[in-house]
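Remarks on the structure that follows.
Laboratory data are not the source of any read-out in this text; all were calculated from the coordinates shown. On a predicted model such as this, the values are computed, not experimentally measured, just so you know. Using ideal geometry, Cβ is built from the backbone for each residue, glycine included, and neighbour counts are taken over all protein chains shown.
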Amino acid sequence: MKKRTALFFVVLYGFVFSQTKDGPMAKYYSYWNLSVDSAVTPDLYYQIYNWVGTKYRYAGNCKEGVDCSGFVNEIYKNVYCITLNGGSRDMFKQLTPVSKKNLREGDLVFFKIRKNTISHVGIYLAHDKFAHATTKAGVTISDLNDDYYKKYFYKGGRLKK
């Protein structure tokens with residue numbers, strides 16, 4: 001059983017990195033000026049890639065439809081084995097706030113879009129890019145410097161130690 005488990009992780013590791021050289025995953029991320037090869041957690045990028053294009057559904061948390069907090073929770077569960085509870089406001093309470101300039105791969109980014117309260121969350125990648133679920137595009141990658149996200153950005157957050 002241990003040999004099968006070890007073999008599974010070797011194959012998975014090889015698959016993830018084979019996707020990074022010149023496959024569709026590499027092309028997708030290079031469009032955003034991101035490199036999976038230099039990622040601290042390559043599996044984060046692999047998991048996000050598998051969700052890109054998933055349609056938005058309020059309170060959803062599966063490939064048939066997902067909202068921002070459902071997406072973040074599924075990625076954190078699958079990549080870091082951590083369950084974050086609740087919506088974006090609840091998630092923020094579980095983290096240590098981080099300024100935009102101190103964001104690191106895997107940190108969460110929060111936005112105050114509705115009624116000046118935290119109402120949206122995404123996962124920071126690198127170079128001011130973040131993955132999130134939007135009502136119009138579903139799961140996608142956006143830039144914190146886009147006028148819309150710059151206007152509503154609140155803070156980043158990192159798991160409390």
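3J(HN,Hα) along region 41-54: 10, x, 4, 4, 5, 4, 4, 4, 4, 5, 9, 4, x, 4 Hz, from the Karplus curve 6.51 cos²θ - 1.76 cosθ + 1.60 with θ = phi - 60°, whole Hz, x for Gly and Pro. Across the alpha-carbon set of the chain, the Rg to Rh ratio works out to 0.97, Rh being the Kirkwood radius. In terms of distances greater than 28 angstrom between alpha carbons, the cross-link table entries Lys63/Lys101; Lys77/Lys112; Lys77/Lys160; Lys55/Lys151; Lys27/Lys115; Lys93/Lys150 yield Lys63/Lys101; Lys27/Lys115.
Can you put Tyr46, Tyr29, Tyr152, Tyr58 in order, fewest other beta carbons within 10 Å first?
Values: Tyr46 20, Tyr29 23, Tyr152 15, Tyr58 10.
With the fewest neighbours first, Tyr46, Tyr29, Tyr152, Tyr58 line up as Tyr58, Tyr152, Tyr46, Tyr29.
Bridgeable aspartates and glutamates around Lys136 (alpha carbons under 13 Å apart, same-chain partners fewer than 8 residues away excluded): Asp67. Among beta bridges from DSSP that stay inside region 39-159, the antiparallel ones total about 95%. Here region 11-161 is assigned +1 on the Cβ of each Lys and Arg and -1 on the Cβ of each Asp and Glu. Its dipole about the Cα centre then comes out at about 660 debye. Against the chain, whose longest principal axis comes from its Cα atoms, helix 2-21 is set at around 70 degrees.
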